[in-house]
Amino acid sequence: MSLEEAFAEPVLVGFVMAGDPSPGESVEYAEALVDGGADVVELGIPFSDPVADGPTIQRAHERGLEAGVDTDSFFEIASEVRDRTGAPLVTLCYYNLVYRRGLDRFVDECEDAGVEGVVIPDLPVEESGPMIEVTRGSGVDVVFLAAPTTGDERMRRIGDAASGFLYLVARAGVTGARESLDAATAGLVERANRNVPGVPKAVGFGVSRGEHARRIVEAGADGVIAGSVFVDLVEEGDLAGVREKAGELRGGMDSARNES
Amino acid sequence: MRYFGDYGGRFAPEILMEALEELEWECSRVRGDDGFREELDEHLGEYAGRPTPLTYAPSTSERLGFDVYLKREDLVHGGAHKLNNTLGQGLLAREMGKDRIIAETGAGQHGTATAMAGAALDLETEVYMGAKDVERQAMNVFRMRLMGATVNPVEKGSRTLKDAISETLRDWSASVEDTHYVIGSVVGPSPYPAMVREFQSVIGREAREQVLEMEGRLPDAVVACCGGGSNAVGAFHEFVEDGNVDLVAVEAGGTGGVDYGSRVAHHSASLCEGRDGVLQGSKTKILDDRYGQVLESHSVAPGLDYSGVGPELAHLEETGRIEAASVGDGAALRGFRRLSREEGIIPALESSHALAYLEEMDPEEHDLVIVNLSGRGDKDVQTVYEMEGER
Ligand SMILES: Cc1ncc(COP(=O)(O)O)c(C=O)c1O
């Protein structure tokens, strides 16, 4: 299934870090995500200076680096995840890794490994020209983020550049599991739907319970992204927990009343 | 202007973009605001002790065979140039209606300067500092706390400046509405590099006037140490158009070499040794491995211990307007002792790099050189004592 096909129904995007805690185990965790009910796997490339991530995911970066994962081994891990799960794959990675690889080469390697989208948290739309250029006509989407602080005009500008899906940041702040979901989320989804009509919206940052996932879908989003909640379980070595959590979030999404 | 040639830009998380735009807007507004300028000048004069003297260094000059003047940023309140910037940004925070400021710090100098500005301008202040630096600079931590700042040791990564910057950005992501992030050098996403340069260029503005008055001519060279590059850009800026004035940024050569296996550079010379990359908000020269993982850097001077450098310096170096050099730990330590003995001025270990570079300068080519003495060495005497004893 491709990323675009997956978005025909509300999708659950589950995040794990490549190489956390080892290359082989990270593949198993990705499989557990999909077994439990995730439709899309977001696979991180560990980086030395992950400024946009909270403490949980930062520790995953450290573990991935510790396990020796670099851009070469990332693509091997990605291919394996793609082969074993058959799920569409996107990557989260910081711009310096892409820049050092060479944008062209990075995008080629994504295509070869079956990575259909790149989320680059330190590449805002105004700096994305070169990346948009090299991905044009390729099978690789550039996924942008929009936050509650992103104004309507800016959102439209992001919408013009976005492909794949729009990653809505549910709350001010960096990644980390939260107990409750900000009520502003619904407003954010509504604003995104109004300003960026053509692109699916997925909501992330702080999604940790089935209840959150249900409310996001009811708010009109096309997808739910969960990261820190899975990384916490990886940190505890809880493979079954990852599967169950994905199932819980999936269940929450499926129980959403479809208002449209 | 978000780029300096190919360098700079705004490679920041989406969540900060609105705040950066507001800051950019506020910067251009106060640029034309005489009231802001006057208030800042008042604080710089009455509180920070500006203008700082330009001091002739007679023994050094005699030994080297050319005239050496020291721009005395060590005499700024707090003992370093850092307060020029924090007072400016503190006032700007107030203009924006923000009552909390946060900062990262390496040596503790910028944190101390932020704590000062916070106390003087009545802003709640929180400082992030790498845990390794907290150990190295315990007295600076105490100083900050005395002035009412909260100091948070950062245990992540290499436990130094770059980790402190990351952690401060994280705080800011969650607090932008009431908080201003006071970056300590000419680094980070636009508009920080240009804004910090503007606040620091008072150094070169004064020095240029002073040297013209004292010597009736411009210097042949201006030399400054370079970590992130704020004292260097601050000292250089007013001279950039003076084509005959050589501008030299002296980086930390540390003990030299790189261990790629453990991702450690035994130096901090990003202008001399680094490559184009994107680090912490801007495209600049950085120290990284072949995959783009950023290397840990090293210097005996904690304020120079940083894997990147301000994008404007990368641009000025690329275009040949400034020269980048590096000086190792040993030479810097000798420079530290030499100035203390010859002139009765104990320099910061950071500034000692600039002083050590003087020894390499050709007296045939230079008659008159200004060194930016970015800070005083009181904070370093214990380090030097522990490393070398009394000698
Ligand atoms: C005395 C002194 N000089 C120089 C520096 C280096 O910073 P920059 O390169 O931004 O001037 C520091 C940093 O803390 C410092 O404390």
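The values are calculated or read from the model by the stated rules, or taken from the named source; none is laboratory data. Fair warning: this is a prediction, and the values are worked out from it, not measured in the lab. Every residue, glycine among them, receives a Cβ derived from its backbone with ideal geometry; neighbour counts consider all protein chains shown. The area values use the complete protein model at the heavy-atom level, side chains included, leaving out ligands, DNA and RNA. Shrake-Rupley method; radii C 1.70, N 1.55, O 1.52, S 1.80 Å.
For chain A, modelled as a GNM with alpha-carbon contacts under 10 angstrom, which of A:210, A:129, A:86 fluctuates the most?
Top of the fluctuation ranking is A:129.
How many percent of the alpha carbon pairs in chain B exceed a separation of 26 Å?
Numbers: 35620 of 76245 pairs.
Roughly 47 percent, rounded to a whole number.
Just to be sure I follow the definition: excluding the sites themselves, where is the longest run in chain A that has none of the GluC sites (Glu not before Pro) in a DSSP loop with at most 15 other Cβ atoms within 10 Å?
Numbers: sites that count: A:179, A:236, A:259.
Within chain A, the longest run free of exposed GluC sites (Glu not before Pro) spans A:1-178.
At 7 Å along Cα-to-Cβ for each site, give me the label-to-label distance between residue B:259 and residue B:323 in nm.
Here the modelled spin labels are 3.4 nm apart.
Which residues of the stretch B:156-183 end up with at least 40 Å² less accessible area in the presence of all protein chains than when their chain stands alone, using a 1.4 Å probe?
B:156, B:170
Give, rounded to the nearest 20 debye, the magnitude of the charge dipole that the protein assembly as shown has about its Cα centre when Lys and Arg contribute +1 at Cβ and Asp and Glu contribute -1 at Cβ.
880 debye
Just to verify a number: FRET efficiency for residue A:133 and residue B:242, C-beta to C-beta distance, R0 = 56 Å, to 0.05?
Values: r = 40 Å, r/R0 = 0.71.
In this case the efficiency is close to 0.90.
Of B:1, B:361, which has the most accessible area and how do the rest follow, probe 1.4 Å? Spell out each step's value before the answer.
Details: B:1 160, B:361 15 Å².
The residues order as B:1, B:361, largest area first.
Beyond 48 Å, how much of the Cα-Cα pair distribution for the protein assembly as shown remains, as a whole percent?
Above the 48 Å cut-off, the protein assembly as shown has 17 percent of its Cα pairs.
In whole percent, what relative contact order does the stretch A:3-259 give with Cα contacts below 8 Å and a gap of six or more residues? Write out the running numbers ahead of the final one.
Working: 546 pairs, mean separation 58.0, N = 257.
Computed over the stretch A:3-259, the figure is 23 percent.
For chain B, with the dipole built from +1 on Lys and Arg beta-carbon atoms and -1 on Asp and Glu ones, taken about the Cα centre, which of B:298, B:375, B:79 lies farthest toward the positive end?
B:298
How do B:71, B:156 stack up against each other in accessible area, from largest to smallest, with a 1.4 angstrom probe?
Working: B:71 0, B:156 45 Å².
Largest to smallest exposure gives the sequence B:156, B:71.
What does the charge dipole of the stretch B:272-314 about its Cα centre add up to, to the nearest 20 debye, if the Cβ of each Lys and Arg holds +1 and the Cβ of each Asp and Glu holds -1?
Numbers: 4 positive and 7 negative charges, 26 e Å.
Approximately 120 debye in magnitude.
At 222 nm, what helix-only mean residue ellipticity would the protein assembly as shown give, in deg cm²/dmol to the nearest 500, using -39500 (n - 2.57) for each DSSP H run of four or more? Provide the component values of the computation, followed by the final result.
Numbers: 28 runs with 290 residues, N = 651.
That calculation yields -13000 deg cm²/dmol at 222 nm.
When N is the residue count of the stretch A:3-259, what does its C-alpha Rg come to as a fraction of 2.2 N^0.38 Å?
On the way: Rg = 16.5 Å, N = 257, 2.2 N^0.38 = 18.1 Å.
Output field value: 0.91.
Among A:43, A:237, A:54, pick out the residue whose Cα is farthest towards the positive end of the charge dipole of the stretch A:3-259, where Lys and Arg carry +1 and Asp and Glu carry -1 on C-beta, about the Cα centre.
Highest projection toward the positive end goes to A:54.
In nanometres, what is the gap between the two model label sites at residue B:275 and residue B:47, each 7 Å from Cα along Cα-to-Cβ?
Placing both labels 7 Å along Cα→Cβ, they lie 4.4 nm apart.
Sort B:283, A:201 by heavy-atom solvent-accessible area, probe 1.4 angstrom, most to least. Present the calculation step by step, with values, prior to reporting the outcome.
Values: B:283 35, A:201 5 Å².
The ordering from most to least exposed comes out as B:283, A:201.
How many nm separate the modelled label positions at residue B:99 and residue A:105, each set 7 Å beyond the Cα in the direction of the Cβ?
Roughly 5.3 nm, to one decimal.
Around residue B:2, what is the net charge, scoring Lys/Arg as +1 and Asp/Glu as -1 over all other residues with Cβ under 10 Å from its Cβ? Mind showing how you got there, number by number?
Values: positive: B:10; negative: A:126, A:127, B:24.
My count for the surroundings of residue B:2 gives -2.
Using a 1.4 Å probe, what is the accessible area per residue for the protein assembly as shown, in Å²?
Details: 22650 Å² over 651 residues.
That works out to 35 Å² per residue.
Can you compute the FRET efficiency between residue A:160 and residue B:146 using 1/(1 + (r/R0)^6), with r the Cβ-Cβ distance and R0 = 41 Å? Round to the nearest 0.05.
Numbers: r = 52 Å, r/R0 = 1.26.
Result of the calculation: an efficiency of 0.20.
Summarise the accessible area of the protein assembly as shown (1.4 Å probe, protein heavy atoms) by the percent that is carbon and sulfur.
Details: 10180 of 22650 Å².
Looking at the protein assembly as shown in its full context, I get 45 percent from C and S.
Mind checking how much accessible area B and A bury in total, 1.4 Å probe, in Å² rounded to 100? Don't jump to the answer; show the numbers that get you there.
Values: alone 15140 and 10620 Å², together 22650 Å².
Looking at B and A, the buried total is near 3100 Å².
By DSSP, what percent of the beta bridges with both residues in chain B are antiparallel, rounded to the nearest 5?
Values: 16 of 52 bridges.
Beta bridges within chain B, antiparallel portion: roughly 30 percent.
Of A:113, A:89, A:128, which is farthest along the charge dipole of the stretch A:52-139 in the positive direction, counting Lys and Arg as +1 and Asp and Glu as -1 at C-beta?
A:89
Using a 1.4 Å probe on the protein heavy atoms only, what accessible surface does residue B:353 show? Give it in Å² to the nearest 10.
Here the residue's solvent-accessible area equals roughly 0 Å².
For the stretch B:184-318, give me the percentage of DSSP beta bridges that are antiparallel, rounded to the nearest 5 percent.
Working: 8 of 14 bridges.
That works out to approximately 55 percent antiparallel.
Considering only Cα-Cα distances, which of the following residue pairs are longer than 30 Å: A:201/B:98; B:82/B:156; B:98/B:283; B:82/B:285; B:71/B:379; B:82/B:132? Could the numbers behind the result be given before it?
On the way: A:201/B:98 33 Å; B:82/B:156 25 Å; B:98/B:283 28 Å; B:82/B:285 22 Å; B:71/B:379 19 Å; B:82/B:132 21 Å.
Violating the 30 Å Cα-Cα cut-off are A:201/B:98.
What fraction of the DSSP beta bridges in the protein assembly as shown is antiparallel, stated in percent and rounded to the nearest 5?
Working: 16 of 81 bridges.
Percentage antiparallel, nearest 5: 20.
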